Amino acid sequence: MAMVDEPLYPIAVLIDELKNEDIQLRLNSIRRLSTIARALGEERTRKELIPFLSDNNDDDDEVLLAMAEELGVFIPYVGGVEYANILLPPLETLCTVEETCVRDKAVDSLCRLGPQMREKDLVEYFIPLVKRLAAGEWFTARVSSCGLFHIAYPSAPETLKTELRTTYSQLCQDDMPMVRRSAATNLGKFAATVEAAHLKADILSIFEDLTQDDQDSVRLLAVEGCAALGKLLEPQDCVTHILPVIVNFSQDKSWRVRYMVANQLYELCEAVGPEATRSDLVPAYVRLLRDNEAEVRIAAAGKVTKFCRILNPELAIQQILPFVKELSTDSSQHVRSALASVIMGMAPVLGKDATIEQLLPIFLSLLKDEFPDVRLNIISKLDQVNQVIGIDLLSQSLLPAIVELAEDRHWRVRLAIIEYIPLLASQLGVGFFDDKLGSLCMQWLNDKVYSIRDAAANNVKRLAEEFGPDWAMQHIVPQVLDMINNPHYLYRMTILHAISLLAPVLGSEITCSKLLPVVINASKDRVPNIKFNVAKVLQSVIPIVDQSVVEKMIRPCLVELSEDPDVDVRSFASQALQSIEQVMMSS
């Protein structure tokens, strides 16, 4: 949309560009339709611009997509809601084009216009439009019509309502699978507008047809309809009509349909209620957990914690846990990874004893998994188990897995574990951290990969924030400062970066006494990259330390660097000196 105060003088140019051969110019003009409309005024927009757009047979999808989007917010430019019907013809044309994204955007815009239109206009213009599209010769029109019934239906008189329900039923039995797919996708929205009496009589019969469709792409969309209809029906009707469909779908011959059931399982359970879930859906869920297709098992494994929350702990332990154990040794690493990402959430559901007895062995087997993502998924959710069983039991089994990941040959795995270290530190406590993980954190500062060294520097800062300056002075600062003498300049640069991050956390006193002398000493380094990084670090600590320290220690060092033979060193030193002047002026 164009800004309201956009100059109106190039309107003639914009109108000419609507017909230009250059697609970029046409696109630019279409995106400024609101500017053109404001310049023309409401009446000329209605009489000239909209008819022009209706006749516009542009063959470029990008231009048509932009037009469909603009028309959805065009009511103010044609004179308000009483003229909204003017916008329907161009959008109707766009609903019939071949490109799916253009049709979808046109349907979106019609769905936006419909609720703003007056009721008599809806009956006079919008409902006939829906009927024309639904009877369209080309399937694209019929596909688009399915997304408009829920807008048209509430305003329709009784006779038209019956006709709309019949028409929708016919679309659900259309010869073209694309039309039936669209009808299945939009059934939930349409059903939400239909009166309760007709819901059971008409909508459920439509739904049953879709669930028995010979195309799996239609049936899998009907799975979503199960959850949507379940929320609209009475619990008893839901158990009678929806539950058998879900159970059948969980055994469907197409793995895509079974995958959809596994993916939507929690919503389906909510629809049929806890009693039916325990009696009928548990066996269905177990089948999905043991499915032949890895994709179905992945989806089912990802829902295990949510599903167990609906059951009581005893039922979960008896009926679900044995199959969770099976999944923890599944042949597919992606199934194990999906399980690892949610299994920790089962600990609060099952309670302390069951977690120690039943879940802990599964955690341990996943922590030893050969696939790094599985181990990482377990470690990233440790807090959920920690709250239930305490850290002592966890730490014994946890440490070997962390050490292994910390030294993994893939740098991305090492990077992922570094990001979890502050979380682990807060959960495991300072004692455990000092004994086991401290040396790892220092080791990462000397990693061969820059991203690891950079993350390790940030990690050191976050640990200092977590455990406080006194702890950092004892356990981090001496070891970090020792590394400034590393023979390789890239590692020395990492230490300078770590110092710049630690200074604000440790405060003025420690910065002046411990960090600053090391930085100033590094300004004598023979490598220019180190020297200009010294200038950057000094610039970053200026706001932290006293003015006297700036004058006594920082300024002389920067003055010396500003006379360095290297142009970059001089440049960064000059910037830092300017910062000193700015700080002095502001104070």
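The values are calculated or read from the model by the stated rules, or taken from the named source; none is laboratory data. Bear in mind that the values here come from a model prediction, so they are computed numbers and not experimental data. So basically every Cβ, Gly included, is an ideal-geometry build from the backbone, and we count neighbours across all protein chains shown. Note: areas computed on protein heavy atoms with side chains; ligands, DNA, RNA excluded. Shrake-Rupley method; radii C 1.70, N 1.55, O 1.52, S 1.80 Å.
Here are the numbers for this structure:
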quantity: Candidates Val527, Val583, Val569, filtered to the one that is at negative phi and at pLDDT below 85; calculated: Val583
quantity: Selection count, the range 446-470, where residues are open to solvent by less than 10 Å² (accessible area, probe 1.4 Å) and within 24 Å of Ser513 (Cα to Cα); calculated: 6
quantity: Of all residues making up the range 506-543, the number that are among the β-branched types (Val, Ile, Thr) and more than 17 Å from Thr494 (Cβ to Cβ); calculated: 5
quantity: Single residue of the range 145-175 satisfying the filter (assigned to a loop (DSSP other than H, G, I, E, B) and more than 19 Å from Ala106 (Cβ to Cβ)) that is most open to solvent (accessible area, probe 1.4 Å); calculated: Asp175
quantity: Test: Thr193 is in contact with a Phe, Trp or Tyr (Cβ under 6 Å, 6 or more places away or on another chain) and of a type outside the set (D, E, K, R); calculated: yes
quantity: Selected residue [surrounded by fewer than 19 Cβ atoms within 10 Å (Cβ to Cβ), within 38 Å of the chain's Cα centre (by Cα) and in a helix (DSSP H, G or I)] from Gln443, Gln474; calculated: Gln443
quantity: The range 268-283 residues that are more than 17 Å from Gly225 (Cβ to Cβ), paired with ones that are open to solvent by 60 Å² or more (accessible area, probe 1.4 Å) and among the charged types (D, E, K, R) (beta carbon under 9 Å, 6 or more apart); calculated: Thr277/Glu270
quantity: Positions within the range 191-214 being over 17 Å from Ala227 (Cβ atoms), open to solvent by less than 60 Å² (accessible area, probe 1.4 Å) and touching a Cys at 6+ places or on another chain (Cβ under 9 Å), in sequence order; calculated: Asp213
quantity: Elements of type helices (runs of 4 or more DSSP H) contained in the range 183-272, each with 3 or more residues being at pLDDT below 85 and of a type outside the set (Ser, Thr, Tyr); calculated: 204-211, 216-232, 243-249, 265-272
quantity: Any hit, the range 284-299, residues being assigned to a loop (DSSP other than H, G, I, E, B) and within 24 Å of Ser205 (Cβ to Cβ); calculated: no
quantity: Residue count for the range 279-298, restricted to those that are within 21 Å of Ser337 (Cβ to Cβ), open to solvent by less than 10 Å² (accessible area, probe 1.4 Å) and out of contact with any Ser or Thr (no Cβ under 8 Å at 6 or more places or on another chain); calculated: 2
quantity: Restricting the range 106-120 to residues that are surrounded by fewer than 20 Cβ atoms within 10 Å (Cβ to Cβ) and in a helix (DSSP H, G or I), the residue that is nearest to the chain's Cα centre (by Cα); calculated: Asp108
quantity: Residue in the range 534-552 that is most open to solvent (accessible area, probe 1.4 Å), counting only those that are outside any helix (DSSP H, G or I) and of a type in the set (Val, Ile, Thr); calculated: Ile544
quantity: Contacts under 6 angstrom Cβ, first residue in the range 326-354 being under 14 Å from Lys306 (Cα atoms), partner assigned to a helix (DSSP H, G or I) and of a type in the set (D, E, K, R), 6 or more apart; calculated: Val349/Arg309
quantity: Residue within the range 201-221 that is in contact with a Ser or Thr (Cβ under 6 Å, 6 or more places away or on another chain) and of a type outside the set (Val, Ile, Thr) present; calculated: yes
